[in-house]
Amino acid sequence: MATTLARIVGPRDGKLGKLGGIGIRFLVDGAESGGGFSLVEHPMEPRALAAPLHRHSREDEYSFVLEGRVGADRGGEIVYGEVGDLIFKPKGQWHTFWNAGDVPARILEIISPAGFEKFFDTVTDLAGRGELNPARLVALAAEYGTEVDLDSVPQLVAAHRVVFAMGPSPA
């Protein structure tokens, strides 16, 4: 039986990626957790929308707020998390989240089971090369069992006074 060695992930460790106003720092992937979960950190610029409304067919997501104030739409229910709060987004439920404040925010995102971190890896690489567009984002998400509602962006931007990197800014 193989054993996994203990390790420490420091504050500067892990691959970094960026999607507009949302950063992604890869902390634990599925290979390290035996497929049970992955863990990423999302630093968020002020008033940044993370994504259009979307729903996963495979994963639950848990967002633990480390800094700032984070808003989330959970199937039409709007909630706000402060430092120390955990926001649960179950598979099958339409959801999104955003930085609800005028200062940076930061969350730890637990994704269970693992696998969706590979989507983040792919899209951040594409974005870094300037090769990511909304249509490609939707197609890639579908490969990972996730539906994306691009038409939700204008309403989210207007309702929550946020900015989306691939869509309209607040008026």
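The values are calculated or read from the model by the stated rules, or taken from the named source; none is laboratory data. These figures come from a predicted structure and were not determined experimentally. Side chains are part of the model used for accessible areas, which takes the heavy atoms of the whole protein and leaves out ligands, DNA and RNA. Shrake-Rupley method; radii C 1.70, N 1.55, O 1.52, S 1.80 Å.
Quick one: order Phe164, Phe37 from most to least accessible surface, probe 1.4 Å. Each step should come with its number before you reach the end.
Details: Phe164 15, Phe37 80 Å².
Output order, biggest surface exposure first: Phe37, Phe164.
Over all directions, what mean area does the Cα convex hull of the stretch 25-171 project, stated in square nanometres?
So the mean shadow area of the Cα hull is 8.0 nm².
Given a 1.4 Å probe, how much area per residue of the stretch 10-112 is accessible, in Å²?
Values: 4440 Å² over 103 residues.
About 43 Å² of surface per residue is accessible.
For Asp60 and Asp151, compute 0.36 nm times the residue count separating them, minus their Cα-Cα distance, and round to one decimal in nm.
Values: separation 91, 0.36 × 91 = 32.76 nm, distance 2.30 nm.
Value of the extension gain: 30.5 nm.
Per residue, how big is the convex hull around the C-alpha atoms of the stretch 80-146? Give it to me in cubic angstrom, could you? Working shown, then result.
Working: hull volume 8.4 nm³, N = 67.
Dividing the Cα hull volume of the stretch 80-146 by its residue count gives 126 Å³.
Regarding the stretch 37-109, what are the three Cα extents along the principal axes, ordered largest first, in Å?
32, 25, 17
Could you grab the relative contact order for the chain? Cα pairs under 8 Å, six or more apart, rounded to a whole percent. Write out the running numbers ahead of the final one.
Values: 387 pairs, mean separation 45.4, N = 171.
Relative contact order comes out at 27 percent.
Probe 1.4 Å, all protein chains in place: accessible area of Asp13 in Å², nearest 10?
Near enough 70 Å² of accessible area.
Carbon and sulfur: what percent of the chain's accessible surface (1.4 Å probe)?
On the way: 4880 of 8630 Å².
Carbon and sulfur: 57 percent of the exposed surface of the chain.
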